[in-house]
Every structure is written in structure tokens, then in C-alpha cells.
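> One structure, pasted below without further comment.
The values are calculated or read from the model by the stated rules, or taken from the named source; none is laboratory data. What you are looking at is a predicted structure, and each value in this text was computed from that prediction instead of being measured. Positions of Cβ are generated from backbone atoms using ideal geometry, with glycine treated the same way; all protein chains shown enter the neighbour counts. In case anyone asks, the SASA skips ligands and DNA or RNA and just uses the protein heavy atoms, side chains included. Shrake-Rupley method; radii C 1.70, N 1.55, O 1.52, S 1.80 Å.
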Amino acid sequence: MTISSPTAALAQRFPRHFVWGVATSAFQIEGAATADGKGESIWDRFCRAPGAIADASNGDVACDHYHRLEADLDLIAALGVTAYRFSVSWPRVQPMGHGAWNEAGLHFYERLVDGLRARGIAAHLTLNHWDLPQALQDQGGWGARDTMHHFVDYARGVARRLGSRCASITTHNEPWVIAVLGHQTGVFAPGYKSRTLALQVAHHLLVSHGMALQALRADGCPAPLGIVLNLTPVYAASGSDADAQQARIDDGTSIRWYCDPLFHGRYPADILAHHGADAPVVQPGDMSTIAQPLDFLGVNNYSRHIASASGPWDAQQGGLPLTEMGWEIHPAGLTDLLLRLQRDYQPRSMLITENGGAFPDPLQDGQVRDADRTQYLAQHISAVADARDQGAQVDGYMVWSLMDNFEWASGYAKRFGIVHVDYETLRRTPKDSALWYRGLLQQWRNSAARGN
Ligand code: FCB
């Protein structure tokens, strides 16, 4: 490929220090749900509720990553990435969520982190990617302040063991999802339907994040510390006042409700008023605890959100291509989002911790011709470069996901991987998008070597 190719031109837009990765989470790939002393998680339990998962599947086997660690590490290395984002399953390392540790579980993550290091890949560890120990749920889960204290103990134990071998540690993945989908609409574990509870849960997630940062820093944990938010830029459906007001609320409940406390130590006044009696109970000191300095903000972005006062927006109306999830493909939204975060919050550093799409992905003759995903990735990586060019401090990008996996309430039907997984044989096959990504990173290495 010559330097004038579009891929080479894209690669050249990123500096030598830029982090390139692929991402997964424990429950979605590990399987081994009861192996070696692992405790039950709320997702193990939720999958057994009739109708909870579209294809009535569960995470018992998933991609069987737990038993295929070495081969999967080789697979990651073969992509040429410099980073891998994964999560620790809390009930695998602390089956009851507090008290006794499960040495076999800790050892698994030790092998993972060491295996990455041996291959020259930076380990980006997430502590909570949703699979709370069921034992803690039985005591109130994230609705209870005690869970915050248990989380801090868990975070401390994991960081003491693995922190010096990690390139970053994230407290929570997407607190909005845990709060709203898990406790308000009930489509995710643990399946509650209460806005009051959801807002209290979101508050406890944020406070426990701050407490964990304080504890890890007091311990001298050398890894940069942050949180990952799902952030979808909001646009008004029309120029009407009603739609503008709806956009303000939607942006306020999804973005400002999390970023304002994290960066400014307060909830946004207009959204507090909007929540009324459902607003969370805040104890003295909570807000300053939340607002610990972040070494980085993790940004998960997939699409845009259109706010309409006349009811939910129908994505078909937008005229944009949709992914298999029905999500609109709008790369410019990622540029808008990153510039807005830079302007309003000035994070020290932002990492795109998830971006990608679900597409049909038929495996034919040993190949998956997922040109739609390659295009999605190229457009969004270009959108990140646009944001960087305009001053956004973005230092890394990770594709969701390394491989097809358990997509929560959608089960296994929605495929996000750049590597195909055959769920009969568990065989992994890199898709065309994986080969493209590897090529992009090769071009980036070449241009970085030239001193770009
Ligand atoms: C995000 C989750 C991730 C994955 C993608 C598609 O909300 O963090 O686990 O399911 O969506």
C-alpha cells in the first residue's frame, strides 16, 4: 500500500504515543460461570429470568475465554494492537463480594496481565463492568451504601495485586446503564423498575468511584485512574423551543448528570429540579468525594441521540444508515462530543474505551466480509482525528469488541467483534475489519517510526 492510500493518510494523523486497542468485558466472554470457586453474579441470575435475554441464552460458556486464555492472547497480539481493555469479574475474585478472596480467580487475571505484558500489550483494567456479586445484590446491591464500601475493598485488593502491571484502572463502566437500564427500565440486571432507585444507584456508583480513587491513591497505586461513561451526543429534532428543551433534559440526564459531579462536584441544578422527589439522597461530603481528579475519562460512543418533545425518535426517520442494533451511524457526532467534553470539562486525557458496531457478519468460506464495519471504524477513527486536530485531548481508541460475544439482553445474536466466533465450535476467525485494523496500525507504526 502506498503512502497516498486512505488508510496510510488516516494512520498518519495519530502520534506515536497514541493507544490502539480492542475491548471486552468479563461476563461477555469468559464463560466458566462456576469454575474454580467463582461466585454467582447478578447477570448469571438475570439470564435465568424468563424472557430477560432475547435468545434465552446466558454467560455459562460465552466465548470460553477463561479456558482459552493463551490462544486469545495470541489472537490479540496478532492484531498488532498496543492495548487491551478487559474487566475483572468481581465474583470470580471475591465470590461473596466481600471477605474471602478466591486465589484461583486472582491467578487468572494475573496470567492475563502477565500474558499481555509478555506480548508488549498494555493492560487496561475495568473493575466493574456490571457483574456485581449476587450476594451483594441480596443485601441491596448498588442501592445500598454498604456496597460502596465493599467496592472499595475489592478495588484495593485487585489494585494491590495487579495495579503495578496495568496501564490504567477504571472504576465503573457506564454508570448510566447500570442505573437506568438495570434499575429504571429493568431491561438489564438486576431488573428493577424504579426511577428513585436508579438515581440512588447512580449516586452510589459515583461516590464509590471517588472513594476508590482516594483509596488507590493512598495505597500508592501507580496506574492512571479513571471512569468510563457512555456518552451519546444529543441533538434537537427541530428548531422548536419544545425540542430544544427536550434536548437540554436528555443531555442533562445522560451527560451532565455524570460529568458535572465528576468534574465540578455538583449535580446540574436544572436536572435536579427535573428529577424532583426522585433526586438521590446525598450525604455530606459525597459531592467532593465524587470529584476526585481523573487521570483520564473513558468515553464509550456508538451513535447519536435525537431529542424530540413529541415522543421517542424513530431512527428510521433520520435517513442515516443503521447498525444491527438499530443505532444510527453518525461519525461526526463523535467529533462534536469530544470537542464539547474538552470545552466544558477539560479532562486531562480522554480515551475512547468503546466504539464499534453490530453487523450481520455471515461467515462464508472462512471469511467475514464486513465492509460495513470497516467503514464504520474508519469513519469514527477519522472523527477522533478531527477532534484531536481541533484541540480535544484524546490519547487512545479501542474497538468494541475484540470478538463476538454475549451482548447482554440481546444474547449472542448481535455480533460486535472484529473477530468472528462460531458458537458451535468456539472457533475464532478474524473478520476483514480485523485485517483492516491491523493494516491501519501497521501504517501508523511506519509513520510513527518516521517521526510523525
Ligand atoms: C456498551 C457496553 C459493552 C457492549 C457495548 C455494545 O454499552 O459497555 O459491554 O455491550 O455497549
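> Please turn the phi angles of the range 48-56 into ³J(HN,Hα) values with the Karplus equation 6.51 cos²θ - 1.76 cosθ + 1.60 (θ = phi - 60°), one per residue in order, whole Hz, x for glycine and proline.
Karplus-based 3J(HN,Hα) across the range 48-56 equals 8, 6, x, x, 5, 10, 3, 9, 6 Hz.
> Under a point-charge model restricted to the Cβ atoms of Lys and Arg (+1) and Asp and Glu (-1), what is the dipole moment magnitude of the range 254-369 relative to its Cα centre, in debye to the nearest 20?
Values: 7 positive and 13 negative charges, 73 e Å.
So the magnitude is around 360 debye.
> Give the accessible surface of the range 309-376 per residue, rounded to a whole number of Å², with probe radius 1.4 Å and ligands, DNA and RNA excluded. Numbers along the way, then the final one.
Values: 3290 Å² over 68 residues.
Solvent-accessible surface per residue comes out at 48 Å².
> Quick check: net charge around Trp313, other residues with Cβ under 15 Å of its Cβ, Lys/Arg +1 and Asp/Glu -1?
On the way: positive: Arg304; negative: Asp243, Asp250, Asp251, Asp314, Glu328.
It works out to a net charge of -4.
> Quickly work out the Tyr423-to-Ala273 label distance, labels modelled 7 Å from Cα along the C-beta direction, and quote it in nm with one decimal.
4.8 nm
> Using Cα positions and a limit of under 30 Å, work out the lysines in reach of Lys193, with same-chain residues fewer than 8 apart set aside.
Lys38, Lys414
> Residues in the range 79-97 near a label at Thr34, defined as backbone nitrogen under 20 Å from the 7 Å Cα→Cβ point?
89-97
> I would also like to ask the following. When the helix-only estimate is applied to the chain (DSSP H runs of n ≥ 4, each -39,500 (n - 2.57), divided by the residue count), what is the mean residue ellipticity at 222 nm, nearest 500 deg cm²/dmol? Each step should come with its number before you reach the end.
Numbers: 15 runs with 166 residues, N = 452.
The helix contribution divided over the chain gives -11000 deg cm²/dmol.
> Any chance you could check the Cα centroid distance between the range 342-372 and the range 80-148 for me, in angstrom?
First find each Cα centre; the distance between them is then 23 Å.
> Would you kindly derive the ³J(HN,Hα) couplings of the range 343-348 from the backbone phi angles with the Karplus curve 6.51 cos²θ - 1.76 cosθ + 1.60 (θ = phi - 60°), listing them in order in whole Hz, with x for Gly and Pro?
Ordered by residue, 3J(HN,Hα) equals 5, 8, 10, 6, x, 4 Hz.
> Round to the nearest 0.05 the FRET efficiency obtained for Ser310 and Arg266 when R0 = 41 Å and r is the Cβ-Cβ distance.
Values: r = 32 Å, r/R0 = 0.77.
Once rounded, the FRET efficiency stands at 0.85.
> Express the C-alpha Rg of the chain as a ratio against the empirical globular expectation 2.2 N^0.38 Å, rounded to two decimals. Spell out each step's value before the answer.
On the way: Rg = 20.8 Å, N = 452, 2.2 N^0.38 = 22.5 Å.
For the chain, the normalised Cα radius of gyration is 0.93.
> To the nearest 20 debye, what charge dipole does the chain have about its Cα centre, counting +1 at the Cβ of each Lys and Arg and -1 at the Cβ of each Asp and Glu? Display every interim value, and only then the final one.
Working: 37 positive and 46 negative charges, 239 e Å.
Dipole of the chain, to the nearest 20 debye: 1140 debye.
> Can I ask one more? Tell me the net charge near Ala198. Cut-off is 15 Å between Cβ atoms, Ala198 excluded, with +1 for each Lys or Arg and -1 for each Asp or Glu. Numbers along the way, then the final one.
On the way: positive: Lys193, Arg195; negative: Glu174, Asp278.
Around Ala198, the surrounding residues sum to 0.
> While we're here: Can you tell me the order of 255-262, 69-76 when each peptide is scored by its average per-residue count of other Cβ atoms within 10 angstrom, highest first?
On the way: 255-262: 22.2, 69-76: 16.4.
Peptide ranking by packing, descending: 255-262, 69-76.
> Once amide H atoms are built 1.01 Å from N in the peptide plane, which residues 5 or more positions from Leu297, or in another chain, come under 5 Å H to H?
HN-HN under 5 Å from Leu297: Ser349, Met350, Leu351.
> Given a 1.4 Å probe and every protein chain left where it sits, what share in percent of the accessible area of the chain is carbon and sulfur? All intermediate terms of the calculation are to be shown ahead of the outcome.
Working: 8580 of 16620 Å².
For the chain, the apolar C and S fraction of the accessible surface comes to 52 percent.
> Please work out how much length the chain gains when fully extended from Asp295 to Gln346, using 0.36 nm per residue of separation minus the C-alpha to C-alpha distance, in nm with one decimal. Please report the intermediate quantities before stating the final value.
Numbers: separation 51, 0.36 × 51 = 18.36 nm, distance 1.15 nm.
My answer for the length gained is 17.2 nm.
> Here is a further query. Which residues in the range 109-124 place their backbone N less than 20 Å from a point set 7 Å from the Cα of Glu70 along the Cα-to-Cβ direction?
It comes to 109-121, nothing else.
> Once phi is turned into ³J(HN,Hα) by the Karplus curve 6.51 cos²θ - 1.76 cosθ + 1.60 with θ = phi - 60°, what whole-Hz value does each residue of the range 372-385 show in order, with x for glycine and proline?
4, 5, 4, 5, 4, 5, 4, 5, 6, 5, 5, 5, 5, 4
> If you stretched the chain out fully between Gln390 and Gln364, how much longer would it get, using 0.36 nm times the residue separation minus the C-alpha to C-alpha distance?
Numbers: separation 26, 0.36 × 26 = 9.36 nm, distance 4.17 nm.
In short, 5.2 nm is gained.
> Here's something else I'd like to know. Going 7 Å from the Cα of Ala371 along its beta-carbon direction, which residues of the range 421-452 have the amide nitrogen within less than 19 Å of the resulting point?
Only 431-440 fall inside the zone, counting backbone N under 19 Å.
> Given a 1.4 Å probe and heavy atoms of the protein chains only, how would you sort Lys431, Lys193, Lys414, Lys38, largest accessible area at the top? Walk me through the numbers on the way to the answer.
On the way: Lys431 0, Lys193 160, Lys414 55, Lys38 25 Å².
Of Lys431, Lys193, Lys414, Lys38, the descending order of accessible area is Lys193, Lys414, Lys38, Lys431.
> Just for the chain, what percent of DSSP beta bridges are antiparallel, to the closest 5?
Once the DSSP bridges in the chain are tallied, antiparallel ones form about 15 percent.
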